[in-house]
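The block underneath contains the structure these notes are about, expressed in structure tokens.
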């Protein structure tokens, strides 16, 4: 397994992984309560969001991939296929088994380095936003509950609770194929972003699900804000992890 930057061809598989990985997620169970019956719609929603974030400035998606050769080493089938590809000198096929979506906030030189956007990416982002508007207006995503989405918005769920910390890396999604969960894939995807935050001496922020919260706390995340959502059977803590150097943390947090 290795971690690399995502490319467009990774997103269909990543969207499919999301359907299974978010099946028991509290937030998506509320915003997309019909995802189990409307898996195609939910996959389409995830695919559109992955594509959009891929072309927005500041967003970085890392994927965990495994190859035929690695599968063979783990005792998986298709040995003849992998061996034949090796004899021909071809690169083994890679399969996406997890992904993490990060967003670099801030106005420092380090932040601006991650916030570039080409004209082609800008145009694609406009087209994808138009598509999202069309889907929302005609309620074409049959997995979603527009009523529940409006309710969350009225509660202030979509506001940036970390706005007072301008310089930071924010983790939007950490998703691992259920087949590969508890095998260290999520930890490696998480480490890639944490290492970058340490390098830039800025904090890392996220909203944690009940399932993932223990993992985040074990590696140094602490509660920043706990949002209670009346009538919703979930509490989504907003967590923060400060970089290890206290002196540089203060400087990094106040930049911009």
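Quick note: the coordinates plus some simple rules give every number you see, no bench work behind them. This structure is a prediction, so every number in the text was calculated from the model and none was measured. Cβ sites come from the backbone with ideal geometry, for glycine too, and all protein chains shown count toward neighbours.
For the pair residue 5 and residue 131, the difference between a 0.36 nm per residue extended length and the Cα-Cα distance amounts to 42.9 nm. On full extension, the segment bounded by residue 139 and residue 155 gains 3.6 nm, given 0.36 nm per residue less the C-alpha separation.
Distance between the C-alpha centres of region 201-224 and region 35-68: 22 Å, rounded to the whole angstrom.
Each label point was placed 7 Å from the Cα along the Cα-to-Cβ direction; for residue 187 and residue 93 their separation is 3.0 nm.
Computed packing ranks the peptides 187-200, 139-152 as 187-200, 139-152, most packed first, by mean other Cβ atoms within 10 Å.
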